Amino acid sequence: MREPAAVTATTTGTGTAGTDALPSAGGASAPAPFFAHRAPGRGPGLAVFLNAGDPPLPVLRDLVLMLDEEGVDCLELAVPFPDSVTDGPAVRRSARRAMDRGGAGLEDVLAFLAGIRPQLTRTRIALLADWRYSLGHRDLAAVTRDIATAGADGLLIHALPPRLRERHRESAAAVGLPIVTTCYAKSSPEVQAEAAAHASAYLYLVAHYGRSGTAPAAGHAALARTVSGLRTYTHSPIAVGFGVSTRQDVEAVGASGADAAIIGSAAVSAVERAQEAGLDVTVAFRDFVRSVLPVPPR
């Protein structure tokens, strides 16, 4: 999972409570809250990270529809970009595969999103785009409008320059597009408070300072105090990522009090293994999803 560099957002009141209405293409109606399907006793919600283009977009379409069928709450869909310093080797390889194939630039991904989003009944899509590689040469207000029009439920910008944060918030608010904010478990109280206060899609709490795929030494359940503190500043969902790869990890995130677990490196590795083995990627990824979803109570 890519960890974006300290983005901030305008609070829109999006949280775990609310209606289940879907947004229409073009953002004409308010998106349903992220992780709104979380029920007592069912464990945390689940988000998976994938690079657009890995697998190729026609295969990814079937995979995303499968995620919706299986009850996955959120897809963090990245416009692939190279050599992120926060990514471990699995996510870097995935981005490189997508870029080497071609056809997964921002315009391609937005067209893909516009085609798939109306077919989803549960899964929300948070688009991740790198500022330098995908967005920096564009007008921020215009590209934010294009992302909202394509049907994204949320936006996460990687490595947004601090001087542009206010403009980013204003551009997103103008088109009703919720934003993912982020902080580390080890961030200062001031940084955590700012990130939480501006979360409008969800707050991404990075469990461990390091590269994606690495886990906190004390385990994810030990984040309970941090999660509780963040609740002071936000009504939006809190999702925990980095080092989440198994059902046990997902359950430990739930034990911390967080609303959702984010699986990144393990997800792209499942795609990688299926492709290398010549398997049906959607079938193989369904097995992976079922292996990490919390078991419903009897």
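The values are calculated or read from the model by the stated rules, or taken from the named source; none is laboratory data. Since the model is a prediction, treat every value here as computed from it, not as a measurement. Cβ placement follows ideal geometry from the backbone for every residue including glycine, while neighbour counts extend to all protein chains displayed. SASA here: full protein model, heavy atoms, side chains in, ligands and nucleic acids out. Shrake-Rupley method; radii C 1.70, N 1.55, O 1.52, S 1.80 Å.
Taking only protein heavy atoms and a 1.4 Å probe, what accessible area per residue, in Å², does the range 182-281 have with all protein chains in place?
Numbers: 4030 Å² over 100 residues.
Per-residue value: 40 Å².
At what distance in nm do the modelled label points of HIS235 and VAL191 sit from each other, each positioned 7 Å from its Cα along Cα→Cβ?
2.8
In nm, what is the difference between 0.36 nm times the number of residues separating ARG290 and ALA174 and their Cα-Cα distance?
Length gained, ARG290 through ALA174: 37.9 nm.
Between ARG138 and ALA114, what is the spin-label point distance in nm, taking each point 7 Å from the Cα along the Cα→C-beta axis?
1.2
Gap in Å between the Cα centre of the range 151-167 and the Cα centre of the range 60-99?
Measuring centre to centre over Cα atoms gives 19 Å.
Show me 109-118, 126-135 ranked by packing, highest mean number of other Cβ atoms within 10 Å first.
Result, highest mean first: 126-135, 109-118.
For the pair ARG247/ALA222, report the inter-label distance in nm, with labels modelled 7 Å from Cα in the Cβ direction.
In this crude spin-label approximation the distance works out to 2.5 nm.
Given R₀ = 35 Å, what would the calculated FRET efficiency be for ARG42 paired with GLU166, taking r from the Cβ atoms and rounding to 0.05? Provide the component values of the computation, followed by the final result.
Details: r = 38 Å, r/R0 = 1.09.
With R0 = 35 Å, the Cβ-Cβ based efficiency is 0.40.
Let's test the formula: R0 of 25 Å, r as the Cβ-Cβ distance of ASP280 and ASP83. What FRET efficiency results, to the nearest 0.05?
0.25
Please report, in debye to the nearest 20, how large the charge dipole of the range 90-219 is about its Cα centre when each Lys and Arg carries +1 at its beta carbon and each Asp and Glu carries -1 there. Kindly include the intermediate steps, with their values, before the conclusion.
Working: 17 positive and 11 negative charges, 89 e Å.
Rounded to the nearest 20 debye, it is 420 debye.
State the percentage of accessible surface on the range 69-170 attributable to carbon and sulfur atoms; use a 1.4 Å probe and exclude ligands, DNA and RNA.
Details: 1930 of 3880 Å².
Looking at the range 69-170 in its full context, I get 50 percent from C and S.
Write down the accessible area per residue of the range 49-163 in Å², having rolled a 1.4 Å probe over the full set of protein chains.
Accessible area per residue, the range 49-163: 34 Å².
When the Cα centres of the range 130-149 and the range 262-278 are compared, how far apart do they sit, in Å?
If you average the Cα positions of each part, the centres end up 28 Å apart.
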